[in-house]
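Some notes on the structure that comes next.
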Amino acid sequence: MTIIDRPLVHRLLTSPLVGTLTAPHGVDRYLELVDPGMAVHDVRGRVLHIERQTPTTATITVGVNRAWSGHRAGQFVRVGATVDGVTHTRCYSIESTPTGPGPTTIAFSVGEVPGGTLSPHLVHELRPGDVLRLSPAEGDFVLPDEATPNLVLLGAGTGITPLIAMVRTLCATGRLARTDATLVAYAATPEDQLHRNELIHLAAETPGLRVVFGCTEQAGAGDLDGLFTPDHLGTAAPQWRDAELFVCGGRPFMSAVSAAVEAEGRLDHLHTEAFAPAFIAFPTDPADNGTVEFHSSRRRATDVATSILEAAEAQGLQPAHGCRMGICHTCTRTKLAGCVRNLVTGEVSGPEAAEIQICVNAPVGDVVIDL
Ligand SMILES: Cc1cc2nc3c(=O)[nH]c(=O)nc-3n(C[C@H](O)[C@H](O)[C@H](O)COP(=O)(O)OP(=O)(O)OC[C@H]3O[C@@H](n4cnc5c(N)ncnc54)[C@H](O)[C@@H]3O)c2cc1C
Ligand code: FES
């Protein structure tokens, strides 16, 4: 991300000749042997700064290379880092304002999920200078392009992150002259609230922006007390029935907000992003567990009651994946034969060959996957 950012070197390394000479692996596989940050086709981010706003979060600023294609407020990146010799990938919402293509900086905040695979590493072990594998920005939970007269953004915990990008963008672009926006930010205590000081400052400085803090575990410490209840909407944002609503947080929070919005017939105006999967359809009877044959790897998992992705990982395979909840399609593989159950909807497929997302499907009987 230093030498190869020079236009001439970049043009040479992306030329068809170098592509042919480095086939089948591609030039990036050789460049990263020299320096993990070197890549011309893949997005890489070198950690520039880490801020620990709370003991269990890290706000990470990275410099991205020339392969970056830009992002919109609200989108996420897949972040890959190596833990104990294995590269793990998870999604993180970008908090910084939109970028264009090319080298730039982006930031995201990670909340530690106790017992989790990647988040404890990113929060506690990551250091400036480390290199992260990144995807291009993804996702359609984005600030609407057109000026909408009313926006209500509700976030709980680290669910505030995509909304921070939206608020920063509204403030930076002058859109609040045409749009009223209310951000309702929930955290256990004021000390747990990410970006609290910045939000207070922005609300004080920017006409059209209202910020309301909800404190779920410290009565009287915020504008709203306790977990979300439907009356919070009216208190925090009296105009919410005329607004587009953007909601991000844990599953119980999102379900409670969705129910309140549905009760008022406003579901068409609700936009949501979930950070954790809502699997409802795991088999409860061991007799329903399936068998997965991983065709190319010649491995076989029996008695599988989990997703096919987890079954593959238990076999020592490392299939590409991102969100692990059916959003990003990174894990899509061909099912060559057999039936699968979608763990989110409960729907069971037919036996014919099909592309499936292995993170949200479990075998029903014998299944063959091209992996
Ligand atoms: C589109 C999208 C955007 C995201 N943006 C952010 C972000 O900006 N900041 C952020 O901190 N996280 C974000 N996440 C969540 C993040 O991708 C990881 O899921 C999270 O960091 C846990 O990863 P892990 O490897 O530590 O845990 P894993 O090893 O994947 O999971 C460990 C256990 O924790 C449960 N779990 C997984 N994720 C969560 C979660 N989010 N909350 C509670 N329990 C969980 C799992 O079911 C499992 O039981 C986002 C997720 C998605 C899909
Ligand atoms: S990992 Fe994102 S859809 Fe499966």
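The values are calculated or read from the model by the stated rules, or taken from the named source; none is laboratory data. All of these numbers come straight from a predicted model, not from anything done at the bench. Because the Cβ atoms are built from the backbone with ideal geometry, glycine has one as well, and the counts that use them run over all protein chains shown. In case anyone asks, the SASA skips ligands and DNA or RNA and just uses the protein heavy atoms, side chains included. Shrake-Rupley method; radii C 1.70, N 1.55, O 1.52, S 1.80 Å.
Divide by every residue of the chain the summed helix terms, -39500 (n - 2.57) for each DSSP H run of at least 4, and state the resulting mean residue ellipticity at 222 nm, rounded to the nearest 500 deg cm²/dmol. Before the final figure, lay out each step's value.
Numbers: 9 runs with 77 residues, N = 371.
After summing the helix terms and dividing by the residues of the chain, the value is -5500 deg cm²/dmol.
DSSP beta bridges fully contained in the chain are about 60 percent antiparallel.
Under unit Cβ charges (Lys, Arg +1; Asp, Glu -1), what dipole magnitude, rounded to 20 debye, does the range 286-369 have relative to its Cα centre? Mind showing how you got there, number by number?
Values: 7 positive and 9 negative charges, 46 e Å.
Its charge dipole is roughly 220 debye.
Normalised size of the chain, defined as Cα radius of gyration per 2.2 N^0.38 Å with N residues, equals 1.07.
What are the GluC sites (Glu not before Pro) within the range 79-175 that DSSP puts in a loop, where the Cβ has at most 11 other Cβ atoms within 10 Å? Could you put the intermediate results ahead of the total?
On the way: sites: 95, 112, 125, 138, 146; in loops: 95, 112, 125, 146.
Taking the range 79-175 and a limit of 11 other Cβ atoms within 10 Å, the loop GluC sites (Glu not before Pro) found are 125, 146.
Once neighbouring chains are kept in place and the probe is 1.4 Å, which whole percent of the accessible area of the range 126-285 is contributed by carbon and sulfur? Roughly 51 percent of what the probe reaches on the range 126-285 is carbon or sulfur.
Annotation: average projected area of the range 214-371 is 11.7 square nanometres, based on the convex hull of Cα atoms across all directions. Between 108, 253, 282, the residue with the greatest mean-square fluctuation in the GNM of the chain (Cα pairs under 10 Å linked by springs) is 282. Database remark: amide H of residue 79 closer than 5 angstrom to the amide H of 90, 91, 92 (H placed geometrically; neighbours at sequence offset of 5 or more, or on other chains; Pro and chain starts carry no H).
Based on alpha-carbon centroids, what's the gap between the range 345-367 and the range 116-136 in Å, whole number please? Result: 32 Å between the Cα centres.
Output the antiparallel fraction of DSSP beta bridges having both residues in the range 286-369, as a percent to the nearest 5. Can you show the working numbers first?
Working: 15 of 19 bridges.
Roughly 80 percent of the beta bridges in the range 286-369 run antiparallel, per DSSP.
Taking every DSSP beta bridge that has both ends in the range 202-334, the antiparallel portion is near 35%.
Computed extension length for residue 227-residue 127: 32.5 nm, one decimal, from 0.36 nm per residue of separation with the Cα-Cα distance subtracted.
Projected over all directions and averaged, the alpha-carbon convex hull of the range 42-124 occupies 5.4 nm².
Treat every Asp and Glu Cβ in the range 14-163 as -1 and every Lys and Arg Cβ as +1, leave all other atoms uncharged, and give the resulting dipole magnitude about the Cα centre to the nearest 20 debye.
Details: 10 positive and 14 negative charges, 39 e Å.
With only Lys, Arg, Asp and Glu charged at Cβ, the dipole is about 180 debye.
Normalised per residue, the accessible area of the chain is 46 Å², obtained with a 1.4 Å probe and no contribution from ligands, DNA or RNA. Selection among 297, 312, 362 by position relative to the dipole of the range 286-369 gives 297 as farthest towards the positive end (Cβ unit charges, Cα centre). Database remark: amide H of residue 218 closer than 5 angstrom to the amide H of 226 (H placed geometrically; neighbours at sequence offset of 5 or more, or on other chains; Pro and chain starts carry no H). Summarising the label geometry, the points placed 7 Å from Cα in the beta-carbon direction at residue 258 and residue 219 lie 3.1 nm from one another.
So how much slack lies between residue 305 and residue 28, counting 0.36 nm per residue of separation and subtracting their Cα-Cα distance, in nm? The partial results should precede the final answer.
Working: separation 277, 0.36 × 277 = 99.72 nm, distance 3.75 nm.
Length difference between fully extended and current span is 96.0 nm.
Size descriptors for the range 286-369, from the alpha-carbon set: Rg then Dmax equal 11.2, 31 Å. Put a dot 7 Å past the Cα of residue 317, heading toward its Cβ, do the same for residue 297, and the two dots end up 0.5 nm apart. The convex hull of the Cα atoms of the range 134-256, projected and averaged over all directions, covers 8.0 nm². Counting heavy atoms of the protein chains alone, residue 341 has an accessible area of about 40 Å² for a 1.4 Å probe.
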